[in-house]
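Scroll down for the structure; my scribbles are underneath it.
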Amino acid sequence: MSGLTMAQQRMSDAGVAQRAIDVFSSFYDQLEQGATGMIPESEIDPLVDVDHAGAISLSDEECRAAAAVTAVIKLNGGLGTSMGLDRAKTLLPVRPDLTFLDVIAGQVLAMREELDVPLPLLFMNSFRTRDDTLAALEKYDLAVDGLPIDFLQNREPKLRADDLTPVDWPADPSLEWCPPGHGDLYTALEVSGILDALIDAGYRYATVSNADNLGAAPDAAMMGWFAASGAPYAAEVCRRTPADVKGGHLVVRKSDGRLVLRETAQTPDEDAAAAADPERHRYFHTNNLWFDLRVMKQTLQERDGVLGLPLIRNTKTVDPTDKTSTKVIQIESAMGAAVEVFDGATAIEVDRSRFLPVKTTNDLLLLRSDVYGVGEDFRVRAQADPVPLVDLDRRFFTTISDFDARIPSPPSLVQARSLTVKGDWRFGADVVVRGDVTLEDSGESRDVATGTTLG
C-alpha cells in the first residue's frame, strides 16, 4: 500500500471530510514529485506602488453598509508551544482582567453597538484549542443569525521523512496528527458549511486575521475600502524595517504578473539576503486578508475544492519536544498564498498599528505594559512612538511560566527606547524603564527592586 493510500485511509477513518483529503492528496502528489515550493529571486520582481489605507475616502454610510455584510474570522488554532503552552495562546491575559479572547470579543461587540450591524465573529479552532476557547467565550452573546461562533481546522497525518508514510507514535498517538497550516482556512470554511451559511444569511465579505494579532481590529473604513475596490481578494501589507527579515512578503511573479506570497521557508538559501533587504522588498504580509465570499465559493466549486495553493514542506520531529524522535514532514500551506489564485487580487498598505502579533514573550511584555492602552472600544493603541525594543534572555524568559515568575508585574516602558535583559533577573512591582537600558548577566539570579527607575 502506498504512503498516500495509507494516509488517505487514516484520514477517512478519523472522519476527515473528503474535500480535505483531496486537498491533502494534491499536496502529497507535489511532495512525491520533489516539489519544494521554493520561489527563487530570479522568477519574481519586487512589489511597488501599493495604495495606503490612510488615503481611503468614503462616507460613513458607505462604510456602515459594507460592515453590515462583512464577517470577522480569527485563526485560533495555535497552542503557543514555542512559549511553553499546551492550550490556546489566546487564553493568555494581556491585562490582569483581559485575555486575547476578551479583547477580540470586546472589539466586535463595540462595533456592533456603534454601527448597528450584526458582524458575525467566527473562530477557526484546532482540535486542541476548541474546548477551552468555547468555554472562555460562553459569557459573551456572540452568535448571530443562527451561525456558530467557531469551525474546526482540518487535520492530517505527519509523514515519515524517509518514506512518506504516516508516522506511528504509540507513546502519544495525538502527535501522529498535525494541522495543515492556515491555508486550510478555505477548505475548512467549505466543508464545515460555514461558507454557505454566511452567503445564505446575506454576507458578502470576510476579514481574516490571526487571533494573536490584536491590532487587526474590525475596521469600518477598511470594510468600506474592500467593498468599493471590487477586488475578489486583498492582502494587508506593512512597510518593512531591518527588523522584519523573517516572515512572508508579497512579490510579483514575472511569468504572469500575479501577486505571490513568498514565505521564509520558500526562499532559497542563496536568495536569503535579497529577500531580507527592506529596500528591495518593501512590504511584508501582515496575515490580515480579505475576500469575497461568493467568489471564494465559486472558485472552490470550479476547482473541486482544491484551490492549488503552493506547498510548504515543513520538516520536524514527530514529538516537537524530542529532537531525537522520528523525523517527519508536515504538509502545509499559507492562507495568504491564495492571493495568486484570484484574478484582480490586490494589496493595501496599512499602518503598523494593525500588526501587533505576539510570537514571543518580548512581544507579550510590550503588550502587557503601558506602551499599549486598551480603549473602551477594546482597540489596542500604542502610547509610545516609536515602540521600544525588548530583548529578554531566551534562557530565562522563553516560556510563559518562566516569564511570569520573573516579571509578575510589567514595568513601565512608555518612556523607554529599549530594554535588554541578559541573565536571570526578577522584576518587582512599579519598575520604570527610561531610555536605553541593558541589565547585564552576572552569572547569578538578581532582582530589580520594587519602585526602581532604570535608565
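Observations, loosely collected:
- Normalised by the number of residues in the chain, the mean separation of alpha-carbon contacts (under 8 Å, six or more apart) gives a relative contact order of 19 percent.
- Global form of the range 298-358, assessed from the alpha-carbon gyration tensor, a/c cut-off 1.5: oblate
- In Hz, Karplus ³J(HN,Hα) per residue of the range 413-424 (6.51, -1.76, 1.60; θ = phi - 60°; x = Gly, Pro): 10, 5, 9, 8, 9, 7, 9, 10, 10, 10, x, 9
- Among the GluC sites (Glu not before Pro) found in the range 266-373, those both in a DSSP coil and sparsely packed, with 12 or fewer other Cβ atoms within 10 Å of their Cβ, are Glu279.
- Solvent exposure of the range 122-213 amounts to 39 Å² per residue of accessible area, where only protein heavy atoms count and the probe is 1.4 Å.
- Accessible-area order (highest first, 1.4 angstrom probe) of the listed residues Asp277, Asp292, Asp162: Asp162, Asp277, Asp292
- Computed E for Glu279/Arg446 - FRET, C-beta separation, R0 41 angstrom, nearest 0.05: 0.50
- Short to long, the 10 Å bins of the Cα pair-distance histogram for the range 253-306 hold 17, 36, 30, 17, 0 percent of all pairs.
- When the residues Glu156, Glu32 are ordered by accessible surface, computed with a 1.4 Å probe over the protein chains alone, the sequence from largest down reads Glu32, Glu156.
- Entries in Lys246/Lys297; Lys158/Lys323; Lys89/Lys158 that, when Cα-Cα distance is taken, lie over 27 Å: Lys246/Lys297
- In the set (1) 169; (2) 159; (3) 210, the label that goes with volume of the Cα convex hull per residue in Å³ computed for this structure is (2).
The values are calculated or read from the model by the stated rules, or taken from the named source; none is laboratory data. Owing to the predicted nature of the structure, the values given are computational and were not obtained by experimental measurement. With ideal geometry, Cβ positions are generated from the backbone for all residues, glycine too; neighbour counts draw on all protein chains shown. Note: areas computed on protein heavy atoms with side chains; ligands, DNA, RNA excluded. Shrake-Rupley method; radii C 1.70, N 1.55, O 1.52, S 1.80 Å.
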